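Chemist: One structure, as structure tokens, below. Some questions next.
Coordinate-derived values only; no laboratory data. Note that the coordinates shown come from a computational prediction; the quantities given were computed from them, not determined experimentally. As a convention, Cβ positions derive from the backbone with ideal geometry for all residues, glycine included, and neighbour counts pool all protein chains shown.
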Amino acid sequence: MTALLSVKGVTVRFGGVTALEDAGFDLQPGELLGLLGPNGAGKTTMMRSITGVVTPQAGEVTLEGHPITRLPTHQRVRRGLGLSQQIVRPFRSMSVVDNVTLAAGHAKTASPLTALGRRLRSAERERALELLLQVGISEVAESEPSSLPLGMLKRLEVARALALDPKLLLLDEPLAGLNHLEAGRLADTIVALNESGLSIILIEHNLSEVLRICQRLVVLDNGRNLAAGEPRAVMDDPAVQAAYLGSGAKPDEERADA
Ligand SMILES: Nc1ncnc2c1ncn2[C@@H]1O[C@H](COP(=O)(O)OP(=O)(O)OP(=O)(O)O)[C@@H](O)[C@H]1O
Ligand SMILES: [Mg+2]
């Protein structure tokens, strides 16, 4: 079976800091993969290398067998990548549904200003409303993001990523900052999206949810591959436990409730 995504030998340096060193993994179609590692392990840099926000000094990224390493982000999005970032950044002066409509327009025009300048098309708005329903925040469609709690903004961020109609959804800490109940609900939504056929890479520090929902894990540490495989076996790996302990991070609920 051809991997949906294949990342091989990726190295990223920022000045003197090596964020990734010869790192990589494969994702099979339909997988829900957890990408883990302590703070600073290189997870976000890996996601940015996949989406084209960061250009690696070495390595290759292929999507459905086609090299995408040298393509700009908008072309990778056209080929099926959708991303939801660690920092939530909606347009504050625009309603929730318009934020998602704009993302849907962006998928077609590659220019948010073009999408803004013309009348937002009703088909795109219909699609945006469907997506809000899918992520469970349709009741706040007409609200402005600034009036919403973090749990809803996180869902908005997922809806905006889905508006790109991705084959592969990349989620960077979607559960961070959510309480136990909210995190569980959004994790259930992520499972439902995966069951509907979407392949997903989930970066998360909330290990109890990761263990509950992910089919396979890849662990990075200090920019390198540390472990990969079935979730329980990976978490029982002494090297993985040492990496988490060594980081001084208590990656689980404590952080989620902070
Ligand atoms: N734009 C940048 N400029 C300089 N250094 C960077 C940049 N982005 C990341 N780094 C460094 O690269 C390393 C990996 O960072 P990255 O953000 O990928 O880690 P992470 O695994 O996502 O961490 P966290 O769990 O805290 O989000 C860190 O040492 C970080 O300080
Ligand atoms: Mg990160």
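Chemist: Quick test of the membrane-span-like rule: which DSSP H helices of the chain reach at least 15 Å along their long axis (C-alpha atoms) with mean Kyte hydropathy at least 0.5?
Modeler: Working: long enough: 96-109 (20 Å, 0.42); 122-134 (18 Å, -0.38); 150-162 (18 Å, 0.62); 180-195 (22 Å, 0.17).
In the chain, the long hydrophobic H runs are 150-162.
Chemist: Sticking with this one: To the nearest Å, what is the center-to-center distance of the range 143-204 and the range 18-57, using C-alpha atoms only?
Modeler: The range 143-204 and the range 18-57 have Cα centres spaced 18 Å from each other.
Chemist: Just to be sure I follow the rule: in the chain, considering lysines 8 or more places apart or on different chains, how many pairs have Cα atoms under 22 Å apart?
Modeler: Qualifying lysine pairs in the chain: 8.
Chemist: Starting from 0.36 nm per residue, how many nanometres of slack lie between Glu142 and Gln57 once their C-alpha separation is accounted for? Let's see the in-between values first.
Modeler: Working: separation 85, 0.36 × 85 = 30.60 nm, distance 4.38 nm.
Gain in length upon complete extension: 26.2 nm.
Chemist: Here's another thing I want to ask about it. Please identify every one of the trypsin sites (Lys or Arg not before Pro) in the range 1-97 that sits in a loop by DSSP and has no more than 12 other beta carbons within 10 Å of its own beta carbon. It would help to have the intermediate numbers written out before the result.
Modeler: Details: sites: Lys8, Arg13, Lys43, Arg48, Arg70, Arg76, Arg78, Arg79, Arg92; in loops: Arg70, Arg79, Arg92.
Sparse-neighbourhood loop trypsin sites (Lys or Arg not before Pro): Arg70, Arg92.
Chemist: While we're looking at this one, here's another question. I want the local charge near Val12. Using Cβ-Cβ distances under 9 Å, sum +1 for each Lys or Arg and -1 for each Asp or Glu among the other residues.
Modeler: Details: positive: Arg13, Arg48; negative: Glu21.
Result for the neighbourhood of Val12: +1.
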